[in-house]
Each structure stands twice: as structure tokens, then as C-alpha cells.
Amino acid sequence: MRIKRFQKISLLRKLITSKQIGYSINEIIIVTSIIGILASILIPNFRPAVEFIEVLIAEKHLLKAVKECQIGLINNEMSPQYTLPANEINLGIFKNNKFTFSYTGLGGDCSPEFGGNQLRVSRVNINSENIIYSLIINVKTGEKSSEGLLPGWLDWWGGKSSNLISEDDILLD
């Protein structure tokens, strides 16, 4: 009985006094595998949130172009200009969809001779090059429109705009 007790105490001392620094390879592999499995389950659930953020960024660029044009009109500039946004918006998590910008008329010109300029941001499927939906804004008047099948949560695009110039002002003619 005394020998067993001595063996238990000896084993306990060995466990306490052994100084293992770091983790074993097996522990690292198991933890990495568990994190990988959890990530593969959770990341697709973030797709709508990522798309929402990308739409907010795209809308910010569209509204900024309208503000720049309307400030130019208020300041009586001969040819008001807006800053062209970068061609693509993609947070890099889901690479098969991205936003691209295009425009009618002259790039950066608020009111070309042929009547206004529309700035468009389109959700494009990279694999098929098909446009899923587009948000369009007239950079001179701030009038919003859309094409394609908008997501259900994107109901605010048709809402009231916050133009610097009222719709009936002669500056918009």
C-alpha cells in the first residue's frame, strides 16, 4: 500500500516539475482543424452583411458625386466636375461578386451638352460577367433609379434624396 502511494506522489511530482513549453504538434493540429471547421460554417453567413457594407460604400461614392456637382452649380462654375470613384468595390471576402462603376456622357463632367450625366454602380458576377443589379444616379439632379433585381433589404434606394439644390431650382435646368 505504501509503495502505491509513493508511486502516485512520485508521478504527481514529475507532472508538476516537468516544464513543457508551448504546445505539441497534435494539439496545434486539432485546434487549427476545429477553427477551420467553424470558419467554413460561419463565413457564408456573413455574405449579406458584407454585401450591405459594399452597397453603403457604393452609395457613398454616388452621393458624393452629386454633392460635388451641386456645389459646383451653386458656385456658378462653368463646367462643374465630380471625382470619378475607383472602378471596383470589393471587400475581398467573396470574390465572385463585385461592384463596378460606369457613367454616361463624359467621365467627371456634371452636365455634358447632351443632358446630364448618370453615374452607375453595378453588382457584377465575375464568373458570368452578368450584371445582377445597378444603382443609378443623375449627378446633376440627384435623381435615383435602379435596374435589375434589387435585394429585398435595399428599399432605401428609392427614398428621398438629400440634394443641396431643390428640384424646382433653375440651376438644375
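Just so you know, all these numbers are worked out from the coordinates, no wet-lab data involved. Model, not experiment: these values are computed from the prediction. Methodologically, a virtual Cβ is constructed for each residue, glycine included, from the backbone with ideal geometry; neighbour enumeration extends over all protein chains shown.
The H on the amide N of ILE126, modeled in the peptide plane, is under 5 Å from the matching H of ASN97, LYS98, each at least 5 residues off or on a different chain.
Provide the net charge surrounding THR83, with neighbours chosen by a C-beta distance below 10 Å and charges set as Lys +1, Arg +1, Asp -1, Glu -1.
Working: positive: LYS64; negative: GLU68.
Within the 10 Å Cβ shell, the charges total 0.
In order along the range 104-111, the phi-based Karplus estimate (6.51 cos²θ - 1.76 cosθ + 1.60, θ = phi - 60°) of 3J(HN,Hα) comes to 9, x, 9, x, x, 8, 6, 9 Hz; Gly and Pro are listed as x.
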